[in-house]
Amino acid sequence: MSYSTHSFEGQDRILHSIFRGVTNGFYVDVGCNHPVNENNTFSLYCSGWSGICIDMNGAFQSDYNHIRPRDQFIESAISATDQPLTAFINSDARLSTCLPEVADHYSSHPIHRHQSVKKVSLTSNTLAQVCNGRLPETWHILAVDVEGYELEVLSSLHLCNVLPVCVVVEIKNLSLLRGFHNYPVASFLLGLGYFPIAKTPLDTFFVNTALIPDWISPSLIHGT
């Protein structure tokens, strides 16, 4: 079966491949942004999946309610603790961030100088606080794209009452030659028992070694 892609780099096609045969899976999409455009989970939604879509930009709420009614949209920043944060909401919503240095980088970049940035004070929640009580018995995908704030988002993953089978996360400038332990986000996931199985230029896909989909040979993960 072929699937159309709505992702920036075809990430949804890779997810369809990892979860081939799954028609009613569950995802949590952190930094979900627009419900269709350059979205990693919309193609899955169209195939019968559903889940939780989290973004600190509440302007997407009505679009999710209209276009993806099976999903639960949650307006929230996700962090290591439930603390006040300053969010930098860019007029190009893909570039919104909780890191001032990332916001400054985009604002000074020639391509993005014409865009406006609005500072918004908000209270964050941990991933465990948002997900616990909302997760089904099998949690297939955690997708994280938060412009440099990925480790903060993932920091409470081990406290969730169910762990995802696959984590797809943006890790910019990750080199396959340097080794994954050289990158804090990758090293954190390796420590939780995840193994990198695929990569696009921006995103890396990790599978939980205790929850490997049946079609994937253990030798791909364990090298035996």
Q) Give me the pairs: first residue in segment 141-152 and without any contact (Cβ under 8 Å) to a residue 24 or more places away in the chain and within 14 Å of Ala80 (Cβ to Cβ), second residue part of a helix (DSSP H, G or I) and aromatic (Phe, Trp, Tyr), beta-carbon distance under 9 Å, and six or more apart or on different chains, which are they? A) none
Q: Give me a count of the residues in segment 1-51 that are over 18 Å from Leu202 (Cβ atoms), more than 14 Å from the chain's Cα centre (by Cα) and of a type in the set (Gly, Ala, Ser).
A: 7
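I'd like the residue in segment 175-189 that is of a type outside the set (Phe, Trp, Tyr) and touching a helix residue (DSSP H, G or I) at 6+ places or on another chain (Cβ under 6 Å) and, out of all such residues, is surrounded by the fewest Cβ atoms within 10 Å (Cβ to Cβ). So that I can check it myself, show each step before the final result.
Initially, segment 175-189 is screened for residues of a type outside the set (Phe, Trp, Tyr), giving 175-179, 181-182, 184-187, 189.
Restricting the remaining residues to those that are touching a helix residue (DSSP H, G or I) at 6+ places or on another chain (Cβ under 6 Å) gives 181, 184-187.
Working: His181: 10, Pro184: 12, Val185: 21, Ala186: 19, Ser187: 13.
Applying the filter and picking the extreme gives His181.
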Q. Of (1) within 17 Å of Ile14 (Cβ to Cβ); (2) surrounded by 18 or more Cβ atoms within 10 Å (Cβ to Cβ); (3) touching a helix residue (DSSP H, G or I) at 6+ places or on another chain (Cβ under 8 Å), Ala198 satisfies all except one. Which?
A. (2)
**Q.** Among (1) assigned to a loop (DSSP other than H, G, I, E, B); (2) in contact (Cβ under 8 Å) with a residue 12 or more places away in the chain; (3) out of contact with any Gly (no Cβ under 8 Å at 6 or more places or on another chain) - the single one Asp214 does not satisfy
**A.** (2)
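Tell me whether segment 52-61 contains one or more residues that are under 13 Å from the mean Cα position of the chain (by Cα), among the polar types (S, T, N, Q) and either modelled with pLDDT of 90 or more or surrounded by 19 or more Cβ atoms within 10 Å (Cβ to Cβ) (or both). Spell out how you get there, then give the answer.
Here is the first cut: in segment 52-61, the ones under 13 Å from the mean Cα position of the chain (by Cα) are 52-55.
Applying the additional criterion that residues be among the polar types (S, T, N, Q) yields none.
No, because not a single residue in segment 52-61 is under 13 Å from the mean Cα position of the chain (by Cα), among the polar types (S, T, N, Q) and either modelled with pLDDT of 90 or more or surrounded by 19 or more Cβ atoms within 10 Å (Cβ to Cβ) (or both).
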Q: Can you confirm whether segment 77-97 contains a residue that is modelled with pLDDT of 85 or more and closer than 25 Å to Ala198 by Cβ?
A: yes
(Q) Among the residues of segment 1-55, what is the count of those that are farther than 24 Å from Leu163 by Cβ and among the aliphatic types (A, V, I, L, M)? (A) 2
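The values are calculated or read from the model by the stated rules, or taken from the named source; none is laboratory data. Computed from a predicted model, the values in this text were never measured in an experiment. Note that each Cβ is placed from the backbone with ideal geometry, even for glycine, and that neighbours are counted across all protein chains shown.
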